[in-house]
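One structure is given here, and the rest of the page talks about it.
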Amino acid sequence: MKKHIRIVIPIIVTVALFYTGYRMVDLLRQKKNLAEKIVHVPSFELKSTLGENFTNKNLKGSIPVVFFYFNSECDFCQAEIQDIVQNIRKFKDIQLIFVSFEPVQKIIMFQATYKLDIYDNIVFLSDYKNTFSETFGVKTLPSSLIYDKNGKLVSRNNGAVKVDYLLKALKTTK
């Protein structure tokens with residue numbers, strides 16, 4: 001019996017080490033592929049709050065764009081948007097795209113709560129297929145991605161960020 005244990009335990013440990021190594025290499029490969037995929041704004045299809053398709057072709061190509069992935073009930077998302085609202089004039093030459101997987105009515109209510117439906121450079125979109133997080137590689141709420149006027153990624157942020165940080169990153173896009 002002890003002889004079998006002496007043989008089985010090293011085999012189990014070896015298999016576990018090989019599997020762990022394989023998973024680490026696979027995760028690094030996936031991370032590298034995602035990083036390459038979002039270097040420029042990837043193709044996407046979302047819906048406006050009016051139900052119209054909105055894709056990367058609808059972006060204003062001559063100005064930087066910031067994507068915000070949010071949830072209306074998220075305290076950090078609410079704090080981040082309040083900070084943006086207080087500094088909204090500083091974003092006049094930036095396209096702000098707010099994306100949520102929530103029902104459209106909740107997105108519309110969130111937009112109205114912060115009075116952001118009056119700005120031409122701000123768009124609220126529904127991730128009705130739940131593809132945004134995979135396409136852009138975001139895992140947390142809120143998340144933001146800053147792209148320059150040529151569609152090149154400048155900054156990818158998990159969690160809430162202050163307006164000062166966003167503006168500093170956006171200065172590098174001009």
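Here are the numbers for the structure shown:
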| read-out | value |
| --- | --- |
| Residue check, LYS106 in a helix (DSSP H, G or I) and of a type in the set (D, E, K, R) | yes |
| From ILE84, ILE63, residue being within 16 Å of LYS152 (Cα to Cα) and not polar (S, T, N, Q) | ILE63 |
| Residues of segment 73-90 satisfying the condition of being without any contact (Cβ under 8 Å) to a residue 40 or more places away in the chain and open to solvent by less than 40 Å² (accessible area, probe 1.4 Å) | ILE81, ILE88 |
| Residue in segment 86-104 that is farther than 21 Å from LEU50 by Cβ and either of a type in the set (Val, Ile, Thr) or in contact with a Phe, Trp or Tyr (Cβ under 8 Å, 6 or more places away or on another chain) (or both) present | yes |
| Selection within segment 129-143 - in a loop (DSSP other than H, G, I, E, B) and either modelled with pLDDT of 95 or more or surrounded by 15 or more Cβ atoms within 10 Å (Cβ to Cβ) (or both) | GLY137, VAL138, LEU141, PRO142 |
| Qualifying residue in segment 94-114 (condition: touching a strand residue (DSSP E or B) at 6+ places or on another chain (Cβ under 8 Å), more than 17 Å from LYS47 (Cα to Cα) and touching a residue at least 40 places away in the same chain (Cβ under 8 Å)) | yes |
| Every residue from segment 113-128 that is aliphatic (A, V, I, L, M) and open to solvent by 50 Å² or more (accessible area, probe 1.4 Å) | ILE118 |
| Lone qualifier among LEU46, LEU34 - being closer than 19 Å to PHE132 by Cα, surrounded by 10 or more Cβ atoms within 10 Å (Cβ to Cβ), modelled with pLDDT under 90 and under 22 Å from the mean Cα position of the chain (by Cα) | LEU34 |
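Results for (1) outside any loop (DSSP other than H, G, I, E, B); (2) among the small types (Gly, Ala, Ser); (3) modelled with pLDDT of 85 or more; (4) open to solvent by less than 100 Å² (accessible area, probe 1.4 Å), shown as yes or no for each residue.
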residue: ARG23; (1), (2), (3), (4): yes, no, no, yes
residue: ASP26; (1), (2), (3), (4): yes, no, no, yes
residue: ARG29; (1), (2), (3), (4): yes, no, no, no
residue: LYS57; (1), (2), (3), (4): yes, no, yes, no
residue: GLY61; (1), (2), (3), (4): no, yes, no, yes
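The values are calculated or read from the model by the stated rules, or taken from the named source; none is laboratory data. Since we're looking at a predicted model, the values are computed, not measured. Don't worry about glycine lacking a Cβ; one is built from the backbone with ideal geometry, like all the others, and counts go over all protein chains shown. Please note that ligands, DNA and RNA were not included when accessible areas were found on the heavy atoms of the full protein model with its side chains. Shrake-Rupley method; radii C 1.70, N 1.55, O 1.52, S 1.80 Å.
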